[in-house]
1. Using only atoms on other chains, find how many Cβ atoms lie within 10 Å of each Cβ of peptide A:82-89 and report the average.
2. Could you list log10 I(q)/I(0) for region A:63-153 at q = 0.11, 0.20, 0.23 Å⁻¹, which the Debye formula gives when each Cα is one point scatterer?
3. Given the options B:119, B:270, B:168, state which has the largest fluctuation in a GNM of chain B using a 10 Å cut-off (strictly under) for Cα springs.
4. For chain A, what is the mean residue ellipticity at 222 nm derived from helices alone (per DSSP H run of n ≥ 4: -39500 (n - 2.57); sum divided by total residues; nearest 500 deg cm²/dmol)?
5. In percent, what relative contact order does region B:62-175 have, based on Cα pairs under 8 Å that are 6 or more apart in sequence?
6. So if I take the centroid of the Cα atoms in region B:176-241 and the same for region B:138-168, what is the distance between those two points in Å?
7. For region B:1-79 and region A:52-75, compute the distance between their C-alpha centroids and round to whole Å.
8. If neighbour count is taken as other Cβ atoms inside 10 Å, put B:75, B:157 in order from fewest to most.
Ligand SMILES: Cc1cc2nc3c(=O)[nH]c(=O)nc-3n(C[C@H](O)[C@H](O)[C@H](O)COP(=O)(O)OP(=O)(O)OC[C@H]3O[C@@H](n4cnc5c(N)ncnc54)[C@H](O)[C@@H]3O)c2cc1C
Ligand code: FES
Ligand code: FES
């Protein structure tokens, strides 16, 4: 049985690298990632209520709202943050489609788009359903949708 | 946001989980069984819950079963809603569960967490409330108990403190070939809590059953409403009007919509669903 009742050093696999960090039992993954020890501030705190998606990261390649996940739950899983994408096709697509303005929501959308591209083919309905998990307050969703679609389509072709 | 004041436990067996709850309670803690954590964490954040310890059930094999066996389908309480939808063993459950929250959150929410949510919606429970055969396996200190879901449901699914939901079993005959419709109506956005969610099934004898979420402070079924909806000699719109007038409780008035608006949307949606269901069968 795993238990965590006081702060403890754990090893997390983040962007394919083992990272040691001290966590509290009631610490969300968003908090751990953005803390001084890891400094991965790409995942953004927005609502911290599961609504906006700005905090989205991938756990085993599945988009996950890191404000709704305790860090201790993902010890044995692979965590990917926007810092781990490193010029992934989805990032290039966001640039070429001008799919952002202020950029606050962008890392969350990138993570959903990247996860979708890893899944291979996705029809328009599925793509929209995944993207509905995130909210953007500045730009038009059309550019975001186009950017994701270009990557999903190019994966398929 | 600082870390929450929570102790974390992830037992490997049903007995460990039951013992933990008992021990923590004795030590004056306020433990909660933890599924996806989406509700527990959001409630703890706004200090709307007294929990100070969570017992994460997701490492217990019985809570993760997802299978067809001996003519039934079994759904572990720890299954994520996206897993339930992707495997699609029960299309009606897929249809209701796949409209809860958004896709990312559904890959975190568990079936058990949705059924035992403190919120009024619990849309994934609708198929189980309409089913004659649905049974819940409940872990108790006295051993595993099986209950008919309909017998244990009265506004909430009744569990004694310290007991937890392990899985739900539904007969394959009820799953296969039953015509159904499920529709979630929201105020503006596609992703939102429901103004009303309606699930309908047409049974082999032609009778209609309906379940509702969003209309009241809890999901419900009503034999009176079912009787009205099953009278195939009347038009769908007449039946829908009559059903709305004979709901077991008045519609809510809240930020999602006024009572009158809810009644209008329910009647209109119900009429359309009845028409489609009867055209198809
Ligand atoms: C952004 C967002 C949108 C949402 N939209 C919707 C919506 O459209 N429709 C809807 O119905 N809900 C919606 N919800 C609410 C959500 O469905 C509930 O918060 C969710 O069902 C809880 O599931 P969970 O697995 O995360 O449960 P948890 O947070 O882990 O637990 C919820 C409750 O269930 C108890 N529990 C969990 N598992 C068990 C078990 N096996 N046995 C006994 N008790 C158990 C816990 O102790 C707790 O009291 C939304 C939530 C969020 C964050
Ligand atoms: S910050 Fe996590 S969903 Fe908004
Ligand atoms: S680009 Fe500003 S919120 Fe999306």
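Throughout, read-outs are computed from the coordinates displayed, never taken from laboratory work. Quick caveat: nothing in here was measured; it's all calculated off a predicted structure. Here Cβ is always computed from backbone atoms with ideal geometry, including for glycine, and neighbour counts include all displayed protein chains.
1. Details: counts 0, 0, 0, 0, 0, 0, 0, 0.
Mean partner shielding for this stretch: 0.
2. With no solvent term, the Cα-only Debye profile gives -0.30, -0.95, -1.21.
3. B:119
4. Details: 5 runs with 51 residues, N = 157.
Rounded to the nearest 500, it is -9500 deg cm²/dmol.
5. Numbers: 199 pairs, mean separation 34.0, N = 114.
30 percent.
6. Using only Cα atoms, the two centres lie 26 Å from each other.
7. Measuring centre to centre over Cα atoms gives 18 Å.
8. Values: B:75 25, B:157 22.
Neighbour counts put them in this order, fewest first: B:157, B:75.
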